[in-house]
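Student: This is the structure I have questions about; it appears just below.
The values are calculated or read from the model by the stated rules, or taken from the named source; none is laboratory data. Keep in mind it's a predicted model, so treat the numbers as computed, not measured. No Cβ is skipped: glycine too gets one built from the backbone with ideal geometry, and neighbour counts run over all protein chains shown. Surface accessibility is based on the protein's heavy atoms, side chains included, excluding ligands, DNA and RNA. Shrake-Rupley method; radii C 1.70, N 1.55, O 1.52, S 1.80 Å.
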Amino acid sequence: MERKVVYPHLVLPYLLLAPQLIIIAIFFYLPAGQAVWMSTLLQDPLGLSVRFVGLENFEIVLSDPAYRETIARTFLFSILVVVVALVPALFLAIMADRVVRGASIYKTILIIPYAIAPAVAGALFLFLFAPSIGVISWPLRFVGVDWNPRIDGLDAMILVVLSSAWKQIAYNFLFFLAGLQSIPKSLIEAAKIDGANAKRQFWTIVLPLLAPTTFFLIVVNVTYAFFETFGVIHSMTQGGPGKSTEIMIYKVWYDGFIAQDIGRSAAQSVILMVIVVALTVVQFRYIDRKVHY
Amino acid sequence: MAASTGDTYRPKGYWVPHVVIAVGILITAFPLWVAFVASTLTLGQISQAPMQLWPGDQFWVVWKDVLEVGGGGGGRIITAPVSTMMWNSFVMAMVIAVGKIVISLMSAYAIVFFRVPFRTFFFWMIFVTLMLPVEVRIIPTLQVVSDLGMLNSFAGLTVPLIASATATFMFRQFFMTIPDELVEAAKIDGAGPVRFFFDIVLPLSRTTIAALFVILFIYGWNQYLWPLLVTTNQNLDTVVIGLAKQIDTAGGVTEWNKVMATALLALLPPMLVVILMQRWFVKGLVETEK
């Protein structure tokens, strides 16, 4: 951890640290502290006065059936995004790992969606699945599926899950491919000699060795689904129809900016903060374990 | 025999991965192709279900229109020209990427190469910001930015996002691998910390910088929530925000040909960065985040 040879200067290192520390003090710690403080305040309906109410905002928020539904919906949404983003990525990576000729071209094309903003992916999918004119919704109607994400909550949920997961497949693919390529070929050879077929090789060698990568990707994708999909929801469905695609991050924004309910929005921010801390801790325990391997 | 025909030996089922990957590529490319086709058609052609899947002749008309005039629902112009918005996105992405790299290089250098009291404390202070994404502190952060008079400015768009725990951590990890002998030799040759940084550390960090640049440029370009909050002046809209504004979610007319042209323009720069810098990016991404 410590270097043996270092420079002894007194002022320079502080000057070097100053910009970063000033920015995080002003834009991270101060507002985060304020978010915690605001979550304990209640504003009167006219916005004329505020009073300290302790944990009342949390009580109100957490006992609100609408918020509980939003929590449940957020978990459902995140699980779906993680599954839809991980499974095809793993499958594609396994296939790409077997390819010799053309592998680098395949890889280049498959990672492109990583560069695409969630909101842009949302726009592309909104068009593909537009009720009457969409290139995909048209054949759907042909086979008798009455597809309309503007009216049907389930259709809307499917749409935001697909758009959110699509761009994430690229990212997961890269990690799975790197994980697969680090598995020693001798292990696979040995299994083949012992007569294990492809299926058995996958379940007994490949998947267990990919477990750390998979775990890491689950954490990253859950974080993505919780926070970065705001752009997808905001640009595609605005949480609708009804509340059927309203996830927690969207509700924080909505309650704070549209409904102007600062105290409750702040309480929700704090709840989200707790979730981020938990996710980060889980992620680091994993990294720790890897280091001690 | 395979060898006698001049062909290489192919195991049974060798084509399966190619077919699966072809399907994967199709799923990746199809939305982009449909977007491109739509951007070359008239609105009338698009609403003729099923829409044709080969390009029409409106490419120049539509793309010129969005770049120079902008787009909006039902013929109303409600966004700035896309060229303006692309410039905004570009400035934002560049300032964020370069800014994050510069201040993270500085702090990592201070933490690793100096005997600073409380340096572990500083490191953790920077590191914990990973747990405070904009999303969990939006209202108070916006309040701070507003108090500082930074709303509707490039400073407001970029400065609050410039701190970077990830970049600081990556540079710190890399700096730890620079051998003590190198520092020793530099000191004996009379190189002070500034000289050592520019002559030795910076050139050695090139790969890390390139990898970070790709990730951070995309991060900056693809921002959504933050520009949505900080700017109300449409001349400062980024192209991702402008794109969302063009879509009428209330049920009115959406000019899909313009929306799709804008979407393609919005994804082109980050896509080019990923493709052109793929080597560093893949290496940096996979090695650092693991």
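Student: Can you tell which of A:E56, A:E69 is away from chain B (no Cβ under 14 Å) and touching a Leu at 6+ places or on another chain (Cβ under 7 Å)?
Tutor: Details: A:E69 fails: touching a Leu at 6+ places or on another chain (Cβ under 7 Å).
Residue meeting the stated conditions: A:E56.
Student: Can you report the number of residues in region A:141-157 which are assigned to a loop (DSSP other than H, G, I, E, B), more than 9 Å from every other protein chain (Cβ to nearest Cβ) and closer than 24 Å to A:T70 by Cβ? Please lay out each step first, then the result.
Tutor: Restricting attention to region A:141-157, the residues satisfying the condition of being assigned to a loop (DSSP other than H, G, I, E, B) are A:143-152.
This time we only want the ones that are more than 9 Å from every other protein chain (Cβ to nearest Cβ), so: A:143-149, A:151-152.
Checking which are closer than 24 Å to A:T70 by Cβ leaves us with A:148-149, A:151-152.
Count: 4.
Student: Mind checking which residues of region A:271-286 are more than 8 Å from every other protein chain (Cβ to nearest Cβ) and in contact (Cβ under 8 Å) with a residue 12 or more places away in the chain? I'd like the intermediate steps shown before the answer.
Tutor: Let us first name the residues in region A:271-286 that are more than 8 Å from every other protein chain (Cβ to nearest Cβ), namely A:271, A:274-275, A:278-279, A:281-286.
Selection gives A:I271, A:I275, A:L279, A:V282, A:Q283, A:Y286.
Student: Going by the conditions given, is B:K283 surrounded by 23 or more Cβ atoms within 10 Å (Cβ to Cβ), more than 9 Å from chain A (Cβ to nearest Cβ) and either over 26 Å from B:I138 (Cα atoms) or free of Cβ contacts under 8 Å to residues at least 60 places away in the same chain (or both)? Talk me through it step by step, then tell me what you get.
Tutor: Details: surrounded by 23 or more Cβ atoms within 10 Å (Cβ to Cβ): no; more than 9 Å from chain A (Cβ to nearest Cβ): yes; either over 26 Å from B:I138 (Cα atoms) or free of Cβ contacts under 8 Å to residues at least 60 places away in the same chain (or both): yes.
Judged against the criteria, B:K283 is not a match.
Student: I've got another one for you. Somewhere in region B:199-211, is a residue assigned to a loop (DSSP other than H, G, I, E, B) and at the interface with chain A (Cβ under 9 Å from one of its Cβ atoms)?
Tutor: So in region B:199-211, the residues assigned to a loop (DSSP other than H, G, I, E, B) come out as B:205.
Adding the requirement that they be at the interface with chain A (Cβ under 9 Å from one of its Cβ atoms) leaves none.
No, every residue in region B:199-211 fails to be assigned to a loop (DSSP other than H, G, I, E, B) and at the interface with chain A (Cβ under 9 Å from one of its Cβ atoms).
Student: Testing B:V144 on (1) more than 8 Å from chain A (Cβ to nearest Cβ); (2) open to solvent by less than 50 Å² (accessible area, probe 1.4 Å); (3) of a type in the set (A, V, I, L, M), one condition comes back false. Which one is that?
Tutor: (1)
Student: Sticking with this one: Scan region A:126-155 for residues that are crowded, with 24+ Cβ neighbours inside 10 Å and touching a residue at least 60 places away in the same chain (Cβ under 8 Å) and jot them down.
Tutor: A:L126, A:P149
Student: How many residues are open to solvent by less than 50 Å² (accessible area, probe 1.4 Å), of a type in the set (A, V, I, L, M, F, W, C) and modelled with pLDDT of 90 or more if we restrict to region B:76-103?
Tutor: 9
Student: For region B:104-122, which residues satisfy the criterion of being open to solvent by less than 20 Å² (accessible area, probe 1.4 Å) and without any contact (Cβ under 8 Å) to a residue 60 or more places away in the chain? Lay out the reasoning, then the answer.
Tutor: Taking region B:104-122 and keeping what is open to solvent by less than 20 Å² (accessible area, probe 1.4 Å), we get B:104-105, B:107-114, B:116.
B:A110, B:V116, listed by residue number.
Student: To continue, here is another question. So A:S39 clears everything in (1) open to solvent by 20 Å² or more (accessible area, probe 1.4 Å); (2) more than 7 Å from chain B (Cβ to nearest Cβ) except one condition, right? Which one?
Tutor: The one condition A:S39 does not meet is (1).
Student: Pull up region A:63-91, narrow it to residues that are surrounded by fewer than 20 Cβ atoms within 10 Å (Cβ to Cβ) and within 18 Å of A:A211 (Cα to Cα), then point me to the one that is farthest from the chain's Cα centre (by Cα).
Tutor: Taking the candidates together, the pick is A:F91.
Student: So, of the residues in region A:92-105 that are buried (at least 22 other Cβ atoms within 10 Å of the Cβ) and facing chain B (nearest Cβ under 8 Å), which turns out to be modelled with the lowest pLDDT? Break it down stepwise before answering.
Tutor: The first filter runs over region A:92-105 and keeps only residues buried (at least 22 other Cβ atoms within 10 Å of the Cβ), leaving A:92-93, A:96.
From what is left, the residues that are facing chain B (nearest Cβ under 8 Å) are A:92, A:96.
Numbers: A:L92: 90, A:A96: 86.
Only one residue tops the list, namely A:A96.
Student: Among (1) in contact (Cβ under 8 Å) with a residue 60 or more places away in the chain; (2) more than 21 Å from B:T84 (Cα to Cα); (3) out of contact with any Lys or Arg (no Cβ under 9 Å at 6 or more places or on another chain), where does B:D199 come up short?
Tutor: With (1) in contact (Cβ under 8 Å) with a residue 60 or more places away in the chain; (2) more than 21 Å from B:T84 (Cα to Cα); (3) out of contact with any Lys or Arg (no Cβ under 9 Å at 6 or more places or on another chain) applied to B:D199, the lone miss is (1).
Student: Could you check region A:1-35 and list, in sequence order, the residues that are more than 7 Å from chain B (Cβ to nearest Cβ), hydrophobic (A, V, I, L, M, F, W, C) and open to solvent by 70 Å² or more (accessible area, probe 1.4 Å)?
Tutor: A:M1, A:L10, A:V11, A:L15, A:I22
Student: Could you look through region A:106-140, keep only residues that are within 7 Å of chain B (Cβ to nearest Cβ) and assigned to a loop (DSSP other than H, G, I, E, B), and pick out the one that is farthest from B:A93 (Cα to Cα)?
Tutor: A:S132
Student: Could you tell me how many of the residues in region A:176-204 are open to solvent by 50 Å² or more (accessible area, probe 1.4 Å) and either more than 26 Å from A:I111 (Cβ to Cβ) or part of a helix (DSSP H, G or I) (or both)?
Tutor: Initial filter on region A:176-204 (open to solvent by 50 Å² or more (accessible area, probe 1.4 Å)): A:181-182, A:184-187, A:189, A:192-195, A:197-200, A:203-204.
Then drop every residue that is not either more than 26 Å from A:I111 (Cβ to Cβ) or part of a helix (DSSP H, G or I) (or both), which leaves A:181, A:185-187, A:189, A:192-195, A:197-200, A:203-204.
The qualifying residues number 15.
Student: Is region B:93-116 home to any residue that is more than 17 Å from B:T168 (Cα to Cα), within 13 Å of chain A (Cβ to nearest Cβ), polar (S, T, N, Q) and assigned to a helix (DSSP H, G or I)?
Tutor: Within region B:93-116, not a single residue is more than 17 Å from B:T168 (Cα to Cα), within 13 Å of chain A (Cβ to nearest Cβ), polar (S, T, N, Q) and assigned to a helix (DSSP H, G or I).
Student: Right, next: If you scan region B:37-52, which residues turn out to be closer than 12 Å to A:V135 by Cβ and not in a loop (DSSP other than H, G, I, E, B)?
Tutor: Hits for region B:37-52 are B:V37, B:A38, B:I46.
Student: Go through region B:23-57 and report how many residues are at pLDDT 80 or above and either touching a Phe, Trp or Tyr at 6+ places or on another chain (Cβ under 6 Å) or assigned by TED's automatic domain parsing to the domain that holds B:A266 (or both).
Tutor: 3
Student: Turning to a different aspect of this structure: Run down A:A178, A:A196 and say which single residue is farther than 25 Å from B:Y224 by Cα and at pLDDT below 85.
Tutor: On the way: A:A178 fails: at pLDDT below 85.
Testing whether each residue is farther than 25 Å from B:Y224 by Cα and at pLDDT below 85 leaves just A:A196.
Student: Read through the list (1) in contact with a Leu (Cβ under 7 Å, 6 or more places away or on another chain); (2) more than 18 Å from B:P270 (Cα to Cα), then give the number of the only condition that B:P227 fails.
Tutor: So the condition that B:P227 fails would be (2).
Student: Now for a separate question. Just name the residue that is surrounded by the fewest Cβ atoms within 10 Å (Cβ to Cβ) out of those in region B:184-199 that are over 35 Å from the mean Cα position of the chain (by Cα) and hydrophobic (A, V, I, L, M, F, W, C).
Tutor: Step one: filter region B:184-199 for residues over 35 Å from the mean Cα position of the chain (by Cα), giving B:184-192.
Now narrow it down to the ones that are hydrophobic (A, V, I, L, M, F, W, C): B:185-186, B:188, B:191.
Numbers: B:A185: 14, B:A186: 20, B:I188: 8, B:A191: 16.
Top of the filtered list is B:I188.
Student: While we're here: Can you tell me which residue among A:I247, A:I258 is open to solvent by less than 30 Å² (accessible area, probe 1.4 Å), of a type in the set (V, I, T) and under 25 Å from A:N57 (Cα atoms)? Please lay out each step first, then the result.
Tutor: Details: A:I258 fails: open to solvent by less than 30 Å² (accessible area, probe 1.4 Å).
So the residue among A:I247, A:I258 that is open to solvent by less than 30 Å² (accessible area, probe 1.4 Å), of a type in the set (V, I, T) and under 25 Å from A:N57 (Cα atoms) is A:I247.
Student: Give the residues of region B:221-262 that are over 16 Å from B:I78 (Cβ atoms), in a helix (DSSP H, G or I) and touching a Pro at 6+ places or on another chain (Cβ under 9 Å), sorted by residue number.
Tutor: Matches in region B:221-262: B:W221, B:W226, B:V230.
Student: Which of the residues spanning region A:245-264 are of a type in the set (S, T, N, Q) and at pLDDT below 85?
Tutor: Keep residues of region A:245-264 that are of a type in the set (S, T, N, Q), which gives A:245, A:260.
Within region A:245-264, just A:Q260 meets the criteria.
Student: Next question, about the same structure. Looking at region B:256-279 only, could you name the residues that are in contact with a helix residue (DSSP H, G or I) (Cβ under 6 Å, 6 or more places away or on another chain), more than 8 Å from chain A (Cβ to nearest Cβ) and at pLDDT below 90?
Tutor: B:N257, B:K258, B:M277
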